[in-house]
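Worksheet for the structure shown next.
Please treat every number below as a calculation from the coordinates, not as lab data. This structure is a prediction, so every number in the text was calculated from the model and none was measured. Here the Cβ positions follow ideal geometry from the backbone for every residue, glycine too, while neighbour counts run over all protein chains shown.
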Amino acid sequence: MVTREFWCWYFKINKNNELLEQILNELRKMNKSNSNEKIDDIYFANKMQVNKKNEESKKEETDAKKEESESNEPVEDPFWNKK
């Protein structure tokens, strides 16, 4: 009777252990796939922010160049430039 109880307990513990290992493996697989998606999402979001900042800086540069070119242009006096 004691040996029977021991073997049942041993089988039950091993079965539970196998189940827990399977669950752990599945969770690890899910975590890997989710982490890859998160990395892709983070990469895409960072790329979009960099593109947006680049566009803003280019716009600021062109605006600054326009202002500089407008301020450096000589003013033409219509009375002096008559031919």
Compute the distance in nm between two label points, each set 7 Å from the Cα along the Cα-to-Cβ direction, one at residue 59 and one at residue 25.
5.4 nm
Per-residue ³J(HN,Hα) for the stretch 47-63, Karplus 6.51 cos²θ - 1.76 cosθ + 1.60, θ = phi - 60°, Hz, x for Gly and Pro:
5, 5, 5, 5, 4, 5, 5, 4, 4, 5, 5, 5, 5, 5, 5, 5, 5
